[in-house]
Structure formats: structure tokens, C-alpha cells
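See below for the structure under consideration.
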């Protein structure tokens, strides 16, 4: 049955059941508005290969401290701790996306702790392609959430 589904040659452009969706987000056309940016804390070696795996137009920079962050940046803690994430969540605007990168061997307690402290996503390991996928997904969730809030606000007015 799966083989039959894969043989489907009908075009279903970007529908929920499409079989020809683009796999690499870097091939998608650029959108208008501010380009996504990732500000990270931690050792630069943990995110060294990340820019090559993010879509075209994304930027990655090392942040000095929480006051150095710009609006709409995704905050990445490389080697995250529960305390760092909790402090960031308390200080930053609620819509700021926070991603925690932990060691591959990190105990489940640490993963649960950073998520409970307010991280939107927690990534084990740090393979650049997997981390980039999580960052892109966070950006998509953020944009979808903003659109849904606009729709809700519009109906109330």
C-alpha cells in the first residue's frame, strides 16, 4: 500500500496530503519582512556548523547577555541549564522562542527541567542539521501562533 501511495503522480501542490513538498527549506522562496535570526549563548563550537544548515537569509550570532537580544530573535542556549532558561523566560517577552541544546548523554531530568523552565524546544546532541530543523520548526510555530492571535483579535474587535 505504501508503494502505491509513493507512485501517486497527481499534483497536490502544498496540500496536507501532497507528496511533492520541498524537503529542504533553503529552496523555498524568500518571504518579506524581517529575516529570522538566532542569538546563541554558550561555546561557539557547539553551533559551528549551524549556518550551513539553516535556510538562506537566516543569521546566527553570539549574544553577549540577555540585554543584547533583539526582538524576534530565536534564543539558543548551547549547553543549557535549567537556571539559564528560567532566567531568560522570566526576563524576555513571552513570545520569544527559547531553544535549549543539551549534551547527547544529558539525563532525562535535565531535558524535563529546561522544558519546564520555559524552553520551547530541547535538542539533544547538537548535529547541525537536526538543530537547524528544530529552529526552523520553532520559527514556523511562532509565525503560526502570531497569525492565529491576529485572527482571534480581529474577531473580538
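Okay, here's what the table says:
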{"item": "Count of residues meeting criterion [touching a residue at least 24 places away in the same chain (Cβ under 8 Å), surrounded by fewer than 17 Cβ atoms within 10 Å (Cβ to Cβ) and out of contact with any strand residue (DSSP E or B) (no Cβ under 6 Å at 6 or more places or on another chain)] in the range 50-71", "result": "6"}
{"item": "Per-region count, the range 72-93, residues in contact with a strand residue (DSSP E or B) (Cβ under 6 Å, 6 or more places away or on another chain) and free of Cβ contacts under 8 Å to residues at least 24 places away in the same chain", "result": "0"}
{"item": "Per-region count, the range 93-115, residues at pLDDT 95 or above, surrounded by fewer than 20 Cβ atoms within 10 Å (Cβ to Cβ) and touching a helix residue (DSSP H, G or I) at 6+ places or on another chain (Cβ under 8 Å)", "result": "1"}
{"item": "Subset of the range 134-144 that is over 16 Å from residue 119 (Cβ atoms) and free of Cβ contacts under 8 Å to residues at least 40 places away in the same chain - its residue that is surrounded by the most Cβ atoms within 10 Å (Cβ to Cβ)", "result": "143"}
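The values are calculated or read from the model by the stated rules, or taken from the named source; none is laboratory data. What you see is a predicted model, and the numbers here were worked out from it, not measured in a lab. FYI the Cβ positions are ideal-geometry reconstructions off the backbone, even for glycines, and counts take in every protein chain you see.
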